[in-house]
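Peer 1: Before we start, here is the structure in question, set down as C-alpha cells.
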Number of protein chains: 2
Amino acid sequence: MSNAENRTGAKAPTIGVFDSGFGGLTVLRALIARLPRDRFVFLGDSARLPYGSKSRRTIARYAAQSAQFLVNEQGAEFLVIACNTASALALDAIQQAVPVPVLGVIEPGAEAARAASRTGDVLVIATDATVQSHAYAAACRAQGLRALEKPCPLLVPLVEEGWTWPPAATAAQAASLPPQVAVTAEVIRIYLAELTAEADALGMNPDTLVLGCTHYPLLRPLIERTVPAGMRVIDSAEATAETAARRFGQPEAEKPTPTAQVSAPQLRVFATDSVEKFERLGSRFLHQPTGKVELVDLGG
Amino acid sequence: MSNAENRTGAKAPTIGVFDSGFGGLTVLRALIARLPRDRFVFLGDSARLPYGSKSRRTIARYAAQSAQFLVNEQGAEFLVIACNTASALALDAIQQAVPVPVLGVIEPGAEAARAASRTGDVLVIATDATVQSHAYAAACRAQGLRALEKPCPLLVPLVEEGWTWPPAATAAQAASLPPQVAVTAEVIRIYLAELTAEADALGMNPDTLVLGCTHYPLLRPLIERTVPAGMRVIDSAEATAETAARRFGQPEAEKPTPTAQVSAPQLRVFATDSVEKFERLGSRFLHQPTGKVELVDLGG
C-alpha cells in the first residue's frame, strides 16, 4: 500500500480500474485528470480479451475474478469498470463479488447524454457485444431518452493500428489526411451515415452521439468532423471520470487537470498477458507512459 | 464414431481440424473439396480467441487442450491445425500432446510458394502474432526462398464485418465497388504498397504473395485485383488441404471437387463459446451451412 496523502493529511484512496484490455486506460487518464492525488491500480485482463465475443456467463466469471484481484490483493477501495462489455453484462456479478462500491461506464454516459440532449433522441456507437446487450438503450430509457445503438466493430482495430488523427493536427494536416487516416474517416462516415439513415427511418431527431467504447476517445477529432453540425459528442470515459470524482473524490478534485500525470507507486498497471502490447500502445491511450506493466496470472 | 465407408469398404478416416476461431473453416472447406468421403470434426476455441494477442506459453496450453479433445474425445486420427498462430507457435506442443500425425498451415504454404516462385523472393501477409513468430520466413528459408512478412491486423475484422467482394461479382459490380468494399480494397492497397516498397528497399524481386491467415481466402478476389501483374497469390488453406490429401487421403481423393458438401454425422462442428457467431458467419467461410454448432467447455 502507498503512503500517498492528500492535502488534508488523510490517506489518499486507492481506486481500482478494470478493463478486458487497455482501452480502459482512456478512463484512467480521465480519472487522473480529476483525482491526481489518488492512488490507481489498473488491471487489463488481456489474456482473455476480447470479452465482446464471449457469453455473459463467461464475462461475469472473468470480471469477478479480476475485481477480486484489485480489491483483495491490491487494496482497491472503489472500482471503476472501464469496459463497456463488462459494465453491460457483468456489473451485478462484480458488485456481488467484492465488498466495495463499483461504478461502470454505461450509466455515466447515459446521464451525460441526458444533460446534453434537447430533443431526447440520442445515437450510441459501440462494439457488437455492447450493442447486443442493449445496456445503453436501457440506461438512456431510464433517463427519459430514446437511444438508437449501432455496432462499429472496425473502429477498435483501426485505433489499435494507429490509423488515427493526431490530437494536435494542424489545419493543413486536417485538410489533407494521410491515406490511412482517410480510411478511418471513411469508415466513420459509412457507420454514421447508416446510423443516421436508420434514425431518420424511425422518425427520430437525434442531437447527441454517445461514444460507447473506451477506444473511441482516440477517434474523437475524426468523429467530430463527421457528425452533423450541432450534434454533441459524449465521451463516456470523460463522463465516468466525472461521476467517479463526485462519488469517490476529494472535494478539491472537482476541476480536471488535463495535463496531470502520476507515476509509481501512485500508479500500478497489471495485465494478464501481452505486457509488450500494453506498454507499446498504452501510452497513446493514457497520454503518459504506463510504467512497467506487471504480469499477473488469474488462471484460465 | 461414424460408419462412413469409402468405395473400397474401408472405414473413412476421421480428420480433426482445429482453429482458435472459425477462420479455419476455409481450410475445412478446402479439405472437404479434396476428401469428400472422410469424416471431419472441427473445433473452434472461440472462448479464448484471439490467440494472436497471447503469449507462446498460453497458446501452447490452449492448443494442446484442444488437440486432446479432438483426438481423445472425438476419435480424430489426423489433426490439421487450421490456425496460423497455433501452427507458428504451438506445433511442437500439439505433437507432444497427442499420438496422431499433425499438420500445420505454415509448411504447406511455404512449399506452395516454392513451387510458384521463379525469383525465389516471396511476400507474406498475416496477423501480427504470425508475423512476430517469423514462422513463414523460417519455413520459406527452409525451402530456399527469401520471404518478407507484413502484419495486416485490419483484414480479419474487415472480413468478419462482411465488407468483402462477393465471389460471384459481375464485371459491372467489380467496376463500381460499394463504399464498404472500397474501404477494404483501399486497406489492401495501403498494406501491399507498404510491403512492396519495403521489398524494393531491400533489393528483393518478389513474384509470389502468400496469404498467411485463414480469413484471407475471402479477400482473394480483391487481393488479386491489387497485386502487380504476374504476381502469384498462394492461399495457404488450399495448400494445406492439398498436403493433407496427399498425406492422409485416399488414392481417389486427389482431384478437388469444389462443390462437395458434407453433413452430420460426416461433419461435427464444436466451439468453446459464441456458437451464434459461428453459425452466422461460419457458412460464408465453409460455403455450406455449419450445421448445429455444439458447445464444449475446455475450462479456463
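Peer 1: By the scheme Lys and Arg +1, Asp and Glu -1, what is the net charge of all other residues having a beta-carbon under 12 Å from that of residue A:226?
Peer 2: Net charge in that neighbourhood comes out at +1.
Peer 1: Then there's this: May I ask you to order B:259-271, A:180-192 by the average number of other C-beta atoms within 10 Å around their residues, highest value first?
Peer 2: The packing order, highest mean first, is A:180-192, B:259-271.
Peer 1: Let me ask another. Just the ratio, please: alpha-carbon radius of gyration of chain B over 2.2 N^0.38 Å, N its number of residues.
Peer 2: So the Cα radius of gyration is 0.96 times the expected 2.2 N^0.38 Å.
Peer 1: Further, regarding this structure: Once you put a point 7 Å from the Cα of residue A:92 and another 7 Å from the Cα of residue A:283, both along the Cβ direction, what distance in nm separates them?
Peer 2: 4.3 nm
Peer 1: Here's a follow-up. Test of understanding: ordering A:163, B:165 by Cβ neighbours within 10 Å, fewest first, what list do you get? Before the final figure, lay out the partial values.
Peer 2: Details: A:163 23, B:165 20.
Lowest count first: B:165, A:163.
Peer 1: I would also like to ask the following. For region A:94-151, what does the relative contact order come out to in percent, with C-alpha contacts under 8 Å and a separation of six or more?
Peer 2: 37 percent
Peer 1: At 7 angstrom along the Cα-to-beta-carbon line, where would the label on residue B:295 sit relative to the other copies? Give the distances in nm, shortest first.
Peer 2: With the label placed 7 Å along Cα→Cβ, residue B:295 yields 3.2 nm.
Peer 1: Helix B:84-97 versus the longest principal axis of chain B: what angle, 0 to 90°, nearest 10, using Cα atoms?
Peer 2: Approximately 30 degrees, to the nearest 10.
Peer 1: Tell me, what HN-Hα J-couplings in whole Hz come from the Karplus equation 6.51 cos²θ - 1.76 cosθ + 1.60 at θ = phi - 60° for each residue of region B:221-234, using x for Gly and Pro?
Peer 2: Karplus values, whole Hz, x for Gly and Pro: x, 5, 5, 5, 5, 9, 5, x, 3, x, 7, 7, 10, 9.
Peer 1: Trypsin sites (Lys or Arg not before Pro), restricted to region B:94-168: which are DSSP loop and have at most 12 other Cβ atoms within 10 Å?
Peer 2: Details: sites: B:114, B:118, B:141, B:146; in loops: B:118.
Loop-located and lightly packed - B:118.
Peer 1: Follow-up question, since we're still on this one. In the structure shown, do any of A:54/A:292; B:150/B:277; A:150/B:277; B:54/B:150 have a Cα-Cα gap over 25 Å, and if so which?
Peer 2: Check vs 25 Å cut-off fails for A:54/A:292; B:150/B:277.
Peer 1: Helix B:56-68 against the longest principal axis of chain B: what's the angle in degrees, Cα atoms only, rounded to the nearest 10?
Peer 2: 40 degrees
Peer 1: For A:248, B:22, what's the fewest-to-most ordering of other Cβ within 10 Å of each Cβ?
Peer 2: Taking fewest neighbouring Cβ atoms as first place, the list is A:248, B:22.
Peer 1: Okay, moving on. Can you sort B:66, B:176, B:274 by how many other beta carbons sit within 10 Å, fewest first?
Peer 2: Sorted ascending by nearby Cβ count, the order is B:176, B:274, B:66.
Peer 1: Taking a temperature of 37 °C and a viscosity of 0.692 mPa s, what whole-number D in µm²/s does Stokes-Einstein yield for the protein assembly as shown with Rh from Kirkwood over alpha carbon pairs?
Peer 2: Values: Rh = 25.5 Å.
Estimated diffusion coefficient is 129 µm²/s.
Peer 1: What's the local net charge at residue A:194, with K and R +1, D and E -1, over the other residues with C-beta under 14 Å away?
Peer 2: Taking every Cβ under 14 Å from that of residue A:194, the sum is -3.
Peer 1: Here is a further query. Nm distances between the label at residue B:264 and the same-position labels in the remaining copies, 7 Å along Cα→Cβ, shortest first?
Peer 2: 5.4
Peer 1: Given R₀ = 25 Å, what would the calculated FRET efficiency be for residue B:261 paired with residue B:297, taking r from the Cβ atoms and rounding to 0.05? The partial results should precede the final answer.
Peer 2: On the way: r = 29 Å, r/R0 = 1.16.
That pair, residue B:261 with residue B:297, gives E of 0.30.
Peer 1: 5 Å is the cut-off here: which amide hydrogens, built 1.01 Å from N in the peptide plane, fall below it relative to residue B:210, excluding neighbours closer than 5 in sequence?
Peer 2: B:123, B:124, B:125, B:234
Peer 1: Could I ask something else about it? Rounded to the nearest 10 degrees, what's the angle between the helix B:275-286 long axis and the longest principal axis of chain B, both from Cα atoms, 0 to 90?
Peer 2: For B:275-286 against chain B, the angle is about 60 degrees.
Peer 1: Please report, for the Cα atoms of region A:29-170, the Rg to one decimal and the Dmax as a whole number; what are they, in angstrom?
Peer 2: Answer for region A:29-170, Rg first and Dmax second: 16.3, 48 Å.
Peer 1: For residue B:40, enumerate residues with amide H under 5 Å from its amide H, sequence gap 5+ or separate chain, H modeled in the peptide plane.
Peer 2: Excluding prolines and chain starts, which carry no amide H, the hits are B:15, B:267, B:268.
Peer 1: Starting from a label point 7 Å past Cα on the Cβ side, list the distances from residue A:77 to the same position in the other copies, nm, shortest first.
Peer 2: 6.7
Peer 1: Output the relative contact order of chain B, whole-number percent, from Cα pairs under 8 angstrom with separation of 6+ residues.
Peer 2: 26 percent
Peer 1: If you count, for every residue in B:40-51, the Cβ atoms of partner chains within 10 Å of its Cβ, what is the mean?
Peer 2: Numbers: counts 0, 0, 0, 0, 0, 0, 3, 6, 5, 4, 3, 0.
Whole-number average of other-chain Cβ neighbours for B:40-51 is 2.
Read the figures in this text as sums done on the coordinates, not as results from a lab. Keep in mind it's a predicted model, so treat the numbers as computed, not measured. Ideal geometry is used to build each Cβ from the backbone, glycine not excepted, and the neighbour counts take in all protein chains shown.
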